[in-house]
Structure formats: C-alpha cells, structure tokens
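Asks: Sharing a structure, written as structure tokens. Questions coming.
The values are calculated or read from the model by the stated rules, or taken from the named source; none is laboratory data. If you're wondering where the values come from, they're calculated on a predicted model, not measured in any experiment. Note that each Cβ is placed from the backbone with ideal geometry, even for glycine, and that neighbours are counted across all protein chains shown.
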Amino acid sequence: MKSRNLKTNIILSFFAVISILVVSVAILGYYIINRNVIQRAQRQIKNDLKVARWAYNTEIDRIRLAFNLVGPSNDLERLKGQIGLDYISVVDKNDLPAIKSEVVRAAFEGKALAATRIIGPEELKEMGRSLYEKSVIEIKPTAKARPTEIHILDSAMAVGYAKPLFDNAGHVRAVMYGGKIINRDAELVDKIRSFVFENQMYEGRPTGTVTIFLDDVRIATNVLDKNGERAIGTRVSATVYKKVVEEGRTFLDRAFVVTDWYLTAYEPIRNIEGKVIGILYVGILEKPFVDMRRNVFLVFFGIVVLASLLAVILGLVLAQGMARPLTRLLEAAGRFSKGDLSHRIGMFNSRVREIDVLAEAFNDMAAKIDEREKRLEALNKELEALNKSYLDLVGFVSHELKGILSSTIMNAYTVRDGFLGMVNFKQRKALDSIARNLDYLEATVKNFLNLSRLEKGELAVSKSEVLLKENIVDPSLEAFGRQATDKEMQVVNDTAAGLKVMADVDLLQIVVNNLIGNAVKYGQRGGILRVSAEIRNGTAHVEVYNDGKPLAQDEIDKLFRRFSRLKSEETRNVQGTGLGLFVSKEIIEKHGGWIWVEARPKGNAFVFEIK
C-alpha cells in the first residue's frame, strides 16, 4: 500500500472518525425514526380497528333502537324501508319449529338481543328471490388463499335484532325480528370508512379501506381490484385465515392490497355462540408513513452532514497546525530507526505543549537507547562466546561419554547375565541397579547430544523411504523389551508391516525410542503398552499408548518444554532430564509434522503425524 504524509494521514484519520460517527448517528437516527413511525402506525391501525368495530356495532345498535321505538302494530314494511332493513317479521310460538334463526330462538327465552349471524341458502330463498340473488357471490381465484373447491357463496351474513313480545301474564307470545344483509352492502363499509378515516385522501387515493368477510370471502368492501371495481368474491390469505378464523386472534401486519402497500388489521366476527363466522378488516395506506419517515430522516441527516462538514473544516485546521512539528519528529524517528542513534531534535515552539514534551522525551529516549545499545552490544558478544563454549562443551562431553557408556553398559549386562561366571542374587540385584543407572545415563547423554545439535542448528533432516514397523517400531520395542518385561507389561505392536513414510530414519528412531522409553518408565506395572501406526490420507499417524494415570490438562500443557518434568507420586522415583519430549517435538516439526498427547480413560497416548 502506498504510504501518505503525516498531514494527509491526520486528515484521513480525522475524516474516518467523523465518517464512522456520522454513519453510526445516521443508522441510530434511522432506527429510532423508523421505530417511532412504525410504532405510531401500528398504534393507529389498532385504534382504527377498534373504531371500525365500534362503527360496526353502532349499525347493530341502530337497528335495536329502531325496534325499541316501535311496536308490532306498526306497518312493518314501512318500518323496514325507514330503517333500511332487508327483512322484518313477527312470529309466534306456533312458528318456532320452522324458525332457523338462532337469534330468534334465543329471543323466545325472553331476552332481546342483537347479533351477527349466517343465513343459509334455503332461508334466503324463503325471504325472497331478489334477496337471494343479491346475496349470491361468485368466488374468485385469489393468490395465497386456501385451496377450495367452492366457486359460489350462496350464504349471507346479516346483522339483526330480535325482540320478544309479552302477553298480559308476562309470557313471550311472539318475537319481532329484522335484519340487514351485509353481502354486497357497500353503504355499510363506506360508512365505516368515512367514520374511521373521515374520507381522507393521500395523493389522490383513500388513506383507508374496510372489508367484511364471510368466512374467508370478501362480501362487502371498498378495496378495488385492477379493474377499479369492488373486490367482492376475493378471499383472504391462508396465513390470515389461520390466525383469525381458526385461532380466533387479531392479525396485524403490512400487506400489498391490489396496487399499494397497506398496514392491515383483521379481527374475528363471532355469532351469539362465540363461533368465528367472518372477519372485520381495516387497512391504512402505508405511503404517508413512509414519506413522513423519509422526510424526518432527510432533515435529521442534513443536520448531521452540516455538523460533519464543520468538524472536517476544524480537523483541517488542526491537522495543519500539528503536521509541521510532527513532521520533524517523524524525520528524526526515521534517522533513529536507520541506526543514527546520535541524532537529536532541535527544540522548537510548536504552540502545542504535548508536542514540545514529546520532542524532549524523544531526545531523552534517544540518549538512553544509545547508551543501552552500546551495553547490549558488549553483552551480546560476551553471551555469544559463552553460549558457544557451552554448546561445544555439551557436544564434546556427550560425544565422549557416549562411546565410554556403550562399552560400560555392554560389560555390565555381560556380567549381570552370567556370561563371565555365575552371580548370586545379591550381586545380580546390585548389577541390575548399575545397569538401570547406566541406561538412564546413556539416554541422558543422547538427549544432551541431540540438544547440542539442535542449538547449533546441526540437526538436519535427510529423508528417505522408511518402513515404520521394520525400521523403526520393531527395533525400538526390542531395545526396551527387557525393561518392559521387568515391569510385567503387555507389549502390543499394532503396526502393520510394509507401511512406508518419507523421513530421516535416525531422527525418527530417536522420537519413537523416547516415546516407548517414556511409556515403559511411566507406564503402570502389569499394564498395556501399545504401539500402532497407519496411513491416513497420505499422512503417517503413529501412536504410543500405555496404561497409567490419565494426565490432567495443566500437566499436558507443561509437556514438550525444555527440561520440563511432571512432579507427582507416580513420577517422583523415575529418573529423567525433561529433554526427550522437547527433542522429539523439534524433530517432528522439522519433518513438517505435529506431536501431541491425549489423556485416555485408563492411560495416555502420545501421537505424532508426518506426511
């Protein structure tokens, strides 16, 4: 990336901060404005639904009031025309078996009541052919509605009132009832819309719409279809039907109604038995709220942008004032980074106290670093000499001891095993102790020799084709076989013959020897020692497992470190240098592999992988 000068960086950084602030404030403002507008719209549509329900009930109350002002002696036909009813009648008890209206039947119990009810096709026909034909509605295919095989709606929804008439003894002798068919009643929904929305318009369109459904079919509405006609016969969506009709709950959401988005509310219409028989809907045009939200946000955003421009101008002035002295500081730092530790900044008056203090601190720091650098250089030379002497000594001693120990170990085992004459029990016990200590000393010398090679960078990897079982695992198990037998361990070799891997055979032998040696030393007496190997997706996976106490996580974290040994009851009497796993890890990583330990339920497994 191309670098920029200090002044540009200060300006860009300042601008970035302002931009983030502006975007954050804008997002927050948009969220708050959007939330408030939507909440307002939701509150309004809820209130509109309540008002629509009240207006709907008012229509029923109007019929009730008219019935209470007249008696059965009045001219019923004239009364029907005056209050706008579709049917009116008086029936006595003799007519009760033929009466289908649940409202009239309830009135014979002595209580006047008004309600919404469904009138079946047979009852409609009895009321008159013209009323039946007016009520029949062709059901139109509607997207997202429930599947249906019904194409004609020949039932009607009606609002009505039934008033009991009493004889001198106070018994119900007859019932006067009447009602109004809602099917195709544009006057009712338009009256409700006028009451709820006051016929408000927005950009030439009504702000609100009202619909009454019989089950899921629009029977009265001022929602217009694409042809500009009332959308009678269209159906409500399956989602709304499920919530309102089947579950009996109110539904509030936004919806696309024919040509525009509306915020909608649906509420169940129930009969006197409480059963949902239809839906009352109100919808309010969403665009006024969207425009209001946009206008408020534009004003808010304009204020934020103006404030940001003022902040940018202030930032430019500030950057100009800071750039000059800081440029000198940057130049001095550049010379200092290139090794000119003697360079110092001349004092200047920047009019910014912190920058002047920074210049003084820079000069003081430069002097101290210059002095410390000279001391460190001298100490490094001394340490390099000491480290070289240490590595040479470790390598020399380890190399010399290796040959001597090999001969001594061979002689010790020769005497112990009776090749130079019989030894008694006490002598053999002493020779066993000598042999164990010599084995430990030999392993220690090898580890220090490998450590020396690692520190000097002489541990080079020379890869060749290696047979895991034949060249590595079998020789290692043979080398530690006597020690495993002494601990009565069951040795299991699950390594398949012929498995090949590209590796340094000598270095890989060191790793496996370390892991098997540790398994023997730290494994449980009489337990299992298992070595397994397989090829997984071109990677050699080798595992050395032994029974014993599973390692805790804090113990696992200490492994594979130089001179790190675990301190516990099980390991207290076991000798070790803490170098074996460190050396093994370095060797495996030089092969491009990984090594780790897994605690198992009854023991531990050391695993490594190389490609």
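Asks: Restricting attention to the range 254-286, which residues are outside any strand (DSSP E or B) and farther than 28 Å from Met201 by Cβ?
Replies: Asn271, Ile272, Glu273, Gly274, Lys275
Asks: For residues that are part of a helix (DSSP H, G or I), free of Cβ contacts under 8 Å to residues at least 60 places away in the same chain and not acidic (Asp, Glu), tally how many sit in the range 461-519.
Replies: Number of matching residues: 16.
Asks: Restricted to the range 179-200, and to residues that are modelled with pLDDT under 90, touching a strand residue (DSSP E or B) at 6+ places or on another chain (Cβ under 8 Å) and not in a helix (DSSP H, G or I), which residue is surrounded by the fewest Cβ atoms within 10 Å (Cβ to Cβ)?
Replies: Once the filter is applied, the top-ranked residue is Asn199.
Asks: From the list Ile119, Ile99, which residue is in contact (Cβ under 8 Å) with a residue 12 or more places away in the chain and aliphatic (A, V, I, L, M)?
Replies: Ile119
Asks: Report the residue count in the range 540-597 for those that are modelled with pLDDT under 85, within 17 Å of Ile510 (Cβ to Cβ) and of a type in the set (S, T, N, Q).
Replies: 1
Asks: Taking only the range 327-343 into account, find how many residues are assigned to a helix (DSSP H, G or I) and either closer than 12 Å to Phe362 by Cα or free of Cβ contacts under 8 Å to residues at least 24 places away in the same chain (or both). Before you say what the answer is, go through the steps one by one.
Replies: In the first step, residues of the range 327-343 are kept if they are assigned to a helix (DSSP H, G or I); the result is 327-337.
Filter once more, so that each one left must be either closer than 12 Å to Phe362 by Cα or free of Cβ contacts under 8 Å to residues at least 24 places away in the same chain (or both): 328-337.
The number of residues fulfilling the criteria is 10.
Asks: Could I ask something else about it? Would you point out which residue out of Arg235, Arg294 is charged (D, E, K, R) and in contact (Cβ under 8 Å) with a residue 60 or more places away in the chain?
Replies: On inspection, the qualifying residue turns out to be Arg235.
Asks: Something else: Please state which one of Thr207, Thr148, Thr142 is among the β-branched types (Val, Ile, Thr), in contact (Cβ under 8 Å) with a residue 24 or more places away in the chain and exposed (fewer than 14 other Cβ atoms within 10 Å of the Cβ).
Replies: Thr148
Asks: I'm trying to understand the selection: among the residues of the range 164-176, which are touching a Gly at 6+ places or on another chain (Cβ under 7 Å) and modelled with pLDDT under 90?
Replies: Val172, the sole residue that qualifies.
Asks: Mind checking whether some residue in the range 253-264 is modelled with pLDDT of 80 or more and small (Gly, Ala, Ser)?
Replies: no
Asks: Still on this structure: Taking the range 102-137 as the region of interest, how many residues are of a type in the set (D, E, K, R) and touching an Asp or Glu at 6+ places or on another chain (Cβ under 8 Å)? Lay out the reasoning, then the answer.
Replies: Going through the range 102-137, the residues of a type in the set (D, E, K, R) turn out to be 102, 105, 109, 111, 117, 122-123, 125-126, 129, 133-134.
From what is left, the residues that are touching an Asp or Glu at 6+ places or on another chain (Cβ under 8 Å) are 102, 117.
Going through the range 102-137 one residue at a time, the tally reaches 2.
Asks: Could you list all residues from the range 15-53 that are within 18 Å of Val312 (Cβ to Cβ) and either modelled with pLDDT under 70 or among the small types (Gly, Ala, Ser) (or both)?
Replies: Ala16, Ser19, Ser24, Ala26
Asks: Name the one entry in Asp486, Asp554, Asp494, Asp506 that is surrounded by fewer than 19 Cβ atoms within 10 Å (Cβ to Cβ) and either in contact with a His (Cβ under 9 Å, 6 or more places away or on another chain) or under 20 Å from Ile587 (Cβ atoms) (or both).
Replies: Asp506
Asks: Continuing with this model, one more query. Go through (1) buried (at least 17 other Cβ atoms within 10 Å of the Cβ); (2) outside any strand (DSSP E or B) one by one and return the number of the condition Gly302 breaks.
Replies: The one condition Gly302 does not meet is (1).
Asks: When you go through Glu470, Glu488 one by one, which is the residue that is at pLDDT 75 or above, out of contact with any strand residue (DSSP E or B) (no Cβ under 6 Å at 6 or more places or on another chain) and on the phi > 0 side of the Ramachandran plot?
Replies: On the way: Glu470 fails: on the phi > 0 side of the Ramachandran plot.
Every option except Glu488 fails the conditions.
Asks: From the list Glu382, Glu400, Glu371, which one is modelled with pLDDT of 70 or more, over 30 Å from Leu330 (Cα atoms), surrounded by fewer than 13 Cβ atoms within 10 Å (Cβ to Cβ) and assigned by TED's automatic domain parsing to the domain that holds Arg428? Lay out the reasoning, then the answer.
Replies: Details: Glu400 fails: modelled with pLDDT of 70 or more; Glu371 fails: over 30 Å from Leu330 (Cα atoms).
Result: Glu382 is the single residue among Glu382, Glu400, Glu371 that is modelled with pLDDT of 70 or more, over 30 Å from Leu330 (Cα atoms), surrounded by fewer than 13 Cβ atoms within 10 Å (Cβ to Cβ) and assigned by TED's automatic domain parsing to the domain that holds Arg428.
Asks: Is it the case that the range 216-227 has a residue that's part of a strand (DSSP E or B), without any contact (Cβ under 8 Å) to a residue 24 or more places away in the chain and crowded, with 23+ Cβ neighbours inside 10 Å?
Replies: Yes, because at least one residue in the range 216-227 is part of a strand (DSSP E or B), without any contact (Cβ under 8 Å) to a residue 24 or more places away in the chain and crowded, with 23+ Cβ neighbours inside 10 Å.
Asks: Return yes or no: is Glu360 at pLDDT 70 or above and within 25 Å of Thr8 (Cβ to Cβ)?
Replies: So Glu360 does not fit the description; no.
Asks: Determine if the range 242-253 includes at least one residue that is over 27 Å from Lys275 (Cα atoms), among the basic types (Lys, Arg) and either within 43 Å of the chain's Cα centre (by Cα) or not in a strand (DSSP E or B) (or both).
Replies: Checked the range 242-253: no residue is over 27 Å from Lys275 (Cα atoms), among the basic types (Lys, Arg) and either within 43 Å of the chain's Cα centre (by Cα) or not in a strand (DSSP E or B) (or both).
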